[in-house]
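Here is the structure we will look at.
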């Protein structure tokens, strides 16, 4: 038993973590052309938000991160249809449909309505790894703090303006957290 625990400690300290392991992907062959006519229309009220373009939003067979990945929605998907939802630990998962793609998705990456405008992505930079980047309700550090986000986050940038003190501020979205931060903390 002692050797197993020691081996697990060495494995985890070498940089691999159980949480980093990707769930198995279930590969399904493409449907015949005539089957696509029976797919759901892309007329839902939701769109994918806060997901980097090169990643996409994974859909799972069950409302769990370690469940089989059944499909991946593009980060630009609109018209997503929402079904029944379940709370799992700290996440709300909903059954979603986008055309012929179905599965459970975390709602933190889904928004209702129309996408405001094309997104620009930026990496948070210049924040120590043991700190958070504070987002504010307005483009001013004296404004009410709105949220604290990871110092290694990749955020979507909605707009940048000149703020208090002549500094540039940007409105950003990270998952379900939104607010203003100084542009100096963003690398485009």
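Summary table
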| item | result |
| --- | --- |
| 2 or more residues farther than 15 Å from residue 125 by Cα, in contact with a strand residue (DSSP E or B) (Cβ under 9 Å, 6 or more places away or on another chain) and modelled with pLDDT under 85: qualifying strands (runs of 3 or more DSSP E) within the range 140-181 | 154-162 |
| Number of the exception - residue 70 against (1) in the same structural domain as residue 60 (by TED's automatic domain parsing); (2) in contact with a strand residue (DSSP E or B) (Cβ under 9 Å, 6 or more places away or on another chain); (3) surrounded by fewer than 15 Cβ atoms within 10 Å (Cβ to Cβ); (4) without any contact (Cβ under 8 Å) to a residue 60 or more places away in the chain | (3) |
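The values are calculated or read from the model by the stated rules, or taken from the named source; none is laboratory data. Predicted model only: the values in this text are computed from it and were never measured. Reconstructed Cβ throughout: ideal geometry from the backbone, glycine too, with neighbour counts over all protein chains shown.
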